[in-house]
Amino acid sequence: MTEKTVIKQRREPLFHIVKRDDMVWWKVWGVRAIAIVASILVMVFISSLLTGKGMGKTVEIMYRGVFGRIEKGSFKMLFKYLEETAILLCLALALTPAFKMKFWNCGAEGQALMGGLGAMVCMIELEGKLPTAVLIPVIAVVSILCGAIWGVIPAIFKALFDTNETLFTLMMNYIATQIIAYYVYIKGGGSNVIQPVEAGIAPSTGNSRYYINISIVIAITFIAYIYLKYSKHGYEISVVGESRNTARYIGINVKKVIIRTMLISGAVCGIAGMILVAGKDHSIRTATVGGQGFTAIMMAWLGQCNPFITAFMTAIIVFLNLGAAKVADSCYLNSAFADIFVGVVILCVVGCEFFIRYSFKFRGSRKGDK
Amino acid sequence: MIIQFICRAILLGVPLLYGSVGEIVTEKSGHLNLGIPGIMYVGAISGIIGSFFYEQACGNDIAKMNAFLAVLIPFLCAIVGSVIIGLIYSFLTVTLRANQNVTGLALTTFGIGLGNFFGGSLTKIGGGSETFIALTRTSGFFSAKIPFADKLGWFGDIFLSHDFLTYLAIIIAVIVSLVLNRTRVGLNLRAVGESPATADAAGINVTRYKYFATCIGSAIAGLGGLQYVMAYANGVWTNNAFGDRGWMAIALVIFALWKPSVAIVGSFLFGALCNANNYIQGLGTATQELFKMLPYVVTIIVLVVISMRKRREFQPPAHLGLPYFREER
């Protein structure tokens, strides 16, 4: 070959991306806060365009729609909001240990449904046969067991054969949904609804159900924080999450940790299902969890494996979700607008992580070269 | 009745085929796009929006509508809508290296929200008086059949009686299969999914491949949504009617072992499994509900078996779900 090799002279690109060292915590939270606030403002602006109301009015509709008139002593709406937050938070907390272990549990929906099913079976079969003091622990144990079993099946296969857990847990959701559909059909007498049952962990009328449901989740939040931060199990989870090889090297039984963590994750999902069925609805249907199992995955991720941050993020997202639905309702638009609203906010927060982990180096800014 | 069953299975299977072929293309580049269910909703609703305004522009009069435009407008709208979502996904996961699972799930929430929002509010926004969207005219153009099909007996019914999107799905699957396995582009794409660092060292533009794979995959998946509303649902939009077909498409990717050619057979099999409960004599409604879990159970079994056997050609792309950063060691 007589061709002359021509080396194409390329200019150095304008900037390139480098990995950042750890950012100061207040800067990290500054970036996140900017992302959240900016995306909320944009979405409020879009909704005010859609509804034709001003931005201030839109925010007011959201606030009133979620909290009601607290200053006039009406706490009903506030309790409803807190209960919604508590249920989503419970699911998110269930996923947190699994995520810390880098186990993508996308099956919260199914695990909560199975937990709810366990509670429902107990409520229907044992109503009136056991005193309430005995029935409540029975419901709790059964729903925790059901959730844990549903969570541990993918974990066993992950531990033994390294089966892809994301896809496995996703599929388990739909199997659970069909089991619920089957059960509802049998117990509902072919009507697709099970009439609410009086039995449960909380009375179906009055405000006391809110206290019970919310305080269970508050307790779980503290326990989760201590478990992840101060217990030996929590340490093992974070080592397995960081590096399986390191874990093996220092003598952690990785398989055991995976299975144990998923037992816990599934069990807490089971508790969420129990709150939904035995505490809130006193009945079950295929939409009882209503996609919150998937939202919880995002919440757990936004919470950075810290239960208190998760709680904070969940409170914001639930507020936006309920509020945006009210805004859409207020001018007869479809309330699925809430999903768009929340979706955009989450996408912005997910995207802003880039600026926390990476930084730009510009062409001119290099010193000492040349 | 068997012929009817097969036709029905094919009709139900086509959206899954589109979704899974789209997802296969994306996964071959190493990206697990869990936004596919949302993208399929967006594809469906973009097509609906396009044809809604086209029908309005024609004064809702079928005589004024041009068959070619009536098909082309929704078709292009569906592609544009789903590519936009695909671009958002690839910008976040490729350029910003965000977590793929979270981004995908957020996009699914977002996409389903978009679908239901416009599906429920389009008539109001467009100033119409109807309370729901029924684009039966456009749907008529979409489900136009080959004229002599019904004269050929069972052969015509099974092979020739479908809408053009069904044939397009099979053609796309075959093309994708050929491109992936027989061309340089396909080889490069697979290299990107298996080991982006190696591909990068070999001079392949990893970012470009990932962007194109995700966007082309999204466009294909979006057509699945379009096929569902136009050919299956006769142009009638009902919120959440598309259901969990998007997740089933992701299940089908595993079932097909990341091979588009297997996905063709797999999608019709899934369609048959979804539908079998209606054709087995003596099943109660309750048992039918249990039957509907069959596709998922089969998928799990496949997933477990391939992970147990560890055959190399049956494995997912090695770098699936992991972000690639060139300067990382």
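The values are calculated or read from the model by the stated rules, or taken from the named source; none is laboratory data. Given the structure is predicted, the values throughout are model-derived calculations rather than measurements. Glycine also receives a Cβ, built like all others from the backbone with ideal geometry; neighbour counts cover every protein chain displayed.
Of all residues in the stretch B:253-269, which are more than 13 Å from B:LEU17 (Cβ to Cβ) and in a helix (DSSP H, G or I)?
Residue satisfying the conditions is B:ILE254 alone.
Out of all the residues in the stretch A:259-268, is one or more in contact with a Phe, Trp or Tyr (Cβ under 6 Å, 6 or more places away or on another chain) and not basic (Lys, Arg)?
We begin by selecting, within the stretch A:259-268, every residue in contact with a Phe, Trp or Tyr (Cβ under 6 Å, 6 or more places away or on another chain); these are A:266.
Now drop any that are not not basic (Lys, Arg), which leaves A:266.
Within the stretch A:259-268 (the criterion being in contact with a Phe, Trp or Tyr (Cβ under 6 Å, 6 or more places away or on another chain) and not basic (Lys, Arg)), the answer is yes, since at least one residue qualifies.
Being touching a residue at least 60 places away in the same chain (Cβ under 8 Å), more than 16 Å from B:ARG137 (Cβ to Cβ) and not aromatic (Phe, Trp, Tyr) narrows it down to one residue among B:LEU76, B:LEU92, B:LEU87, B:LEU96; which is it? Steps first, answer last, please.
Values: B:LEU76 fails: touching a residue at least 60 places away in the same chain (Cβ under 8 Å); B:LEU92 fails: touching a residue at least 60 places away in the same chain (Cβ under 8 Å); B:LEU96 fails: touching a residue at least 60 places away in the same chain (Cβ under 8 Å).
Going through B:LEU76, B:LEU92, B:LEU87, B:LEU96 in turn, the sole match is B:LEU87.
Within the stretch A:164-195, restricting attention to residues that are of a type in the set (Gly, Ala, Ser) and part of a helix (DSSP H, G or I), which residue is modelled with the highest pLDDT?
Step by step, filter the stretch A:164-195, then rank; the result is A:ALA176.
Are any of the residues in the stretch A:182-191 hydroxyl-bearing (Ser, Thr, Tyr) and under 30 Å from A:LYS100 (Cβ atoms)? Don't jump to the end; show me each part of the working.
Here is the first cut: in the stretch A:182-191, the residues hydroxyl-bearing (Ser, Thr, Tyr) are A:182-183, A:185, A:191.
Adding the requirement that they be under 30 Å from A:LYS100 (Cβ atoms) leaves none.
For the stretch A:182-191, residues hydroxyl-bearing (Ser, Thr, Tyr) and under 30 Å from A:LYS100 (Cβ atoms): absent.
May I ask you to list the residues in the stretch B:213-252 that are at pLDDT 90 or above and either part of a loop (DSSP other than H, G, I, E, B) or β-branched (Val, Ile, Thr) (or both)?
Scanning the stretch B:213-252 gives B:THR214, B:ILE216, B:ILE220.
Going residue by residue through the stretch A:343-360, is there one that turns out to be surrounded by fewer than 23 Cβ atoms within 10 Å (Cβ to Cβ), touching a Pro at 6+ places or on another chain (Cβ under 9 Å) and either under 29 Å from B:PHE132 (Cβ atoms) or more than 10 Å from chain B (Cβ to nearest Cβ) (or both)?
no
Among the residues of the stretch B:270-316, write down those that are more than 7 Å from chain A (Cβ to nearest Cβ) and not in a helix (DSSP H, G or I).
Across the stretch B:270-316, the qualifying residues are B:ASN277, B:ASN278, B:TYR279, B:ILE280, B:GLN281, B:GLY282, B:LEU283, B:GLY284, B:LYS310, B:ARG311, B:GLN315.
What helices (runs of 4 or more DSSP H) completely inside the stretch A:215-309 contain at least 1 residues that are within 14 Å of another protein chain (Cβ to nearest Cβ) and under 21 Å from A:SER143 (Cβ atoms)?
Once the helices (runs of 4 or more DSSP H) in the stretch A:215-309 are filtered for at least 1 residues that are within 14 Å of another protein chain (Cβ to nearest Cβ) and under 21 Å from A:SER143 (Cβ atoms), what remains is A:292-302.
If you scan the stretch B:27-48, which residues turn out to be within 14 Å of chain A (Cβ to nearest Cβ) and either within 21 Å of B:TRP237 (Cβ to Cβ) or part of a helix (DSSP H, G or I) (or both)?
B:GLU27, B:GLY35, B:ILE36, B:PRO37, B:GLY38, B:ILE39, B:TYR41, B:VAL42, B:ALA44, B:ILE45, B:ILE48, listed by residue number.
For the stretch A:280-324: of the residues being without any contact (Cβ under 8 Å) to a residue 24 or more places away in the chain and among the small types (Gly, Ala, Ser), which is farthest from A:LYS229 (Cα to Cα)?
A:ALA287
Would you point out the residue of the stretch A:281-329, among those that are closer than 11 Å to A:ILE87 by Cβ and in contact with an Asp or Glu (Cβ under 7 Å, 6 or more places away or on another chain), that is modelled with the highest pLDDT?
Here the residue is A:VAL318.
Out of the stretch A:269-289, which residues are of a type in the set (A, V, I, L, M, F, W, C) and in contact with a Phe, Trp or Tyr (Cβ under 9 Å, 6 or more places away or on another chain)?
Passing the criteria: A:CYS269, A:ILE284.
I need a count of the residues in the stretch A:179-192 that are without any contact (Cβ under 8 Å) to a residue 60 or more places away in the chain and under 17 Å from B:LEU273 (Cβ atoms).
Total satisfying the criteria: 1.
What helices (runs of 4 or more DSSP H) completely inside the stretch B:83-202 contain at least 3 residues that are within 13 Å of chain A (Cβ to nearest Cβ), on the phi < 0 side of the Ramachandran plot and surrounded by 19 or more Cβ atoms within 10 Å (Cβ to Cβ)?
Because the criterion is at least 3 residues that are within 13 Å of chain A (Cβ to nearest Cβ), on the phi < 0 side of the Ramachandran plot and surrounded by 19 or more Cβ atoms within 10 Å (Cβ to Cβ), the helices (runs of 4 or more DSSP H) in the stretch B:83-202 that meet it are B:100-125.
Considering the stretch A:116-163 alone, what residues qualify as being away from chain B (no Cβ under 14 Å) and free of Cβ contacts under 8 Å to residues at least 12 places away in the same chain?
A:GLU125, A:LYS129, A:LEU130, A:PRO131, A:ALA133, A:VAL134, A:PRO137, A:VAL141
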